[in-house]
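Asks: One structure is given below, represented as structure tokens, and several questions about it will come after.
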Amino acid sequence: MKIPTTLKHKPVIVVENYEHVDGRYAYKSDAKGLSLGLAQWNDRGRLDISAKVWRHTGEKWSRQSEELPLHRVLDLAILICSSKLYFSAAYRNERLYDPDRPNIDRVGLQGDAMTVEVCTDNEKIDEDIQLFNQVLSNDDELIGERLLTLSRILKEMGY
């Protein structure tokens with residue numbers, strides 16, 4: 001299925017077969033493609049590149065398709081990596097976190113820092129963090145393969 005090129009997001013680089021590699025949803029995903037292109041929110045004289053996940057209902061392109069600025073995609077990757085690192089040692093805490101010290105990491109970005117922490121405002125955090133940890137463990141192969149690929153590409157780029 002071809003990603004539409006007549007909408008506000010203008011694809012430049014595409015993955016047309018994303019539904020075949022969408023993790024545990026592979027071959028049955030509504031996420032049909034990924035693209036990097038000119039953002040739909042571009043105004044005159046201002047251009048941004050965005051990443052987009054293209055969803056299809058089986059009948060039409062979905063309004064649930066997501067478009068994100070590239071820095072947010074990378075921020076999400078940082079959040080995933082920081083969380084994965086945290087959970088590799090979280091077993092040391094009986095509840096998988098210390099309620100008195102919920103901070104996981106502070107990641108310096110643009111002169112400030114992104115604070116990564118356990119959401120202690122979640123009234124079911126003790127149950128939810130156990131489930132989160134289980135899913136992270138179950139998906140270790142899927143996530144690990146992508147992290148190894150990302151690591152290889154970053155090394156090739158000199159990072």
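The values are calculated or read from the model by the stated rules, or taken from the named source; none is laboratory data. This structure is a prediction, so every number in the text was calculated from the model and none was measured. Note: ideal-geometry Cβ built from the backbone for every residue, glycine included; neighbour counts use all protein chains shown.
Asks: What's the number of the condition E59 fails, among (1) over 26 Å from V135 (Cα atoms); (2) among the acidic types (D, E); (3) surrounded by 12 or more Cβ atoms within 10 Å (Cβ to Cβ); (4) free of Cβ contacts under 8 Å to residues at least 12 places away in the same chain?
Replies: For E59, the exception is condition (3).
Asks: Something else about it: Regarding R106, is this residue under 20 Å from the mean Cα position of the chain (by Cα), over 30 Å from Y18 (Cβ atoms) and either in contact (Cβ under 8 Å) with a residue 24 or more places away in the chain or part of a strand (DSSP E or B) (or both)?
Replies: yes
Asks: Separate question: Answer yes or no: is there a residue in the range 109-117 that is in a helix (DSSP H, G or I) and over 20 Å from D22 (Cβ atoms).
Replies: no
Asks: Can you go through Y91, Y97 and tell me which one is exposed (fewer than 11 other Cβ atoms within 10 Å of the Cβ), hydroxyl-bearing (S, T, Y) and outside the structural domain of Q40 (by TED's automatic domain parsing)?
Replies: Y91
Asks: Of the residues that make up the range 83-91, is at least one at pLDDT 90 or above, in a loop (DSSP other than H, G, I, E, B) and aliphatic (A, V, I, L, M)?
Replies: Taking every residue of the range 83-91 in turn, at least one turns out to be at pLDDT 90 or above, in a loop (DSSP other than H, G, I, E, B) and aliphatic (A, V, I, L, M).
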